[in-house]
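Inspection log for the structure reproduced underneath, given as structure tokens.
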Amino acid sequence: MSSLTTADHLQAHRVTRALSLPGLIRLVTEIDDNGPINRRRGSLQSTFDDLTVPQLRHAIDRAREFGLVYGDEHERVRYRLTDSGEELAEVYDTAARWARAHQFPMVASDFVTRVQHTLDLLGHATALTHGADRLGDSNGLVGPGGTVLGREAIAALGGPRNVLTAWLQSHAYVLHHTAVHSSHAANEWEPAA
């Protein structure tokens, strides 16, 4: 996210946290993978039976706020992805592919967990870059939860970082409409032994 200002890095971290909501990831990827969600009574609850009604409602509200989904109450289809939503689905897919390739956060992780952890990692891009600069002879960086990222994984993060950066720059309104959330410590990354 090198083309963003320092203030944008903090806001980008807030946005990556907002984009990491399990319900939002599920909603966007479900529509991207399977097409629009029908208005049929109970189709939302049956499609997202792993989410509570408040979680689903929050995900839909956030998706509308970010301009990711649209729907007409008079159509058969309740929710469709906007172009922005389709592009975010690609961000999610890219993040999950990187995580799967580098077994992050662990070997057996589901799609949502992979996306969440990779976006969280990208939300700490400044700390990650600073930590990578201090690697020296170490094998990688130890991040939150004790996860170690090797040099190859750190270098390969450029793919997801570029896709996310492009999405954020193309959809700057999301940066400005994100609710203020508390930020994490500035530097949670340290060289591994």
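The values are calculated or read from the model by the stated rules, or taken from the named source; none is laboratory data. No experiment lies behind these values; they were computed from the predicted model shown. With ideal geometry, Cβ positions are generated from the backbone for all residues, glycine too; neighbour counts draw on all protein chains shown. Protein only, heavy atoms only, side chains kept; ligands, DNA and RNA dropped before computing areas. Shrake-Rupley method; radii C 1.70, N 1.55, O 1.52, S 1.80 Å.
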Point-to-point label distance, residue 110-residue 43, nm (Cα→Cβ direction, 7 Å offset) | 2.3
What is the extension gain from residue 34 to residue 176, computed as 0.36 nm multiplied by their sequence separation minus the C-alpha to C-alpha distance, in nm to one decimal?
-> 48.1 nm
What accessible surface, in Å², does a 1.4 Å probe find on residue 56, ignoring ligands, DNA and RNA and rounding to the nearest 10?
-> 10
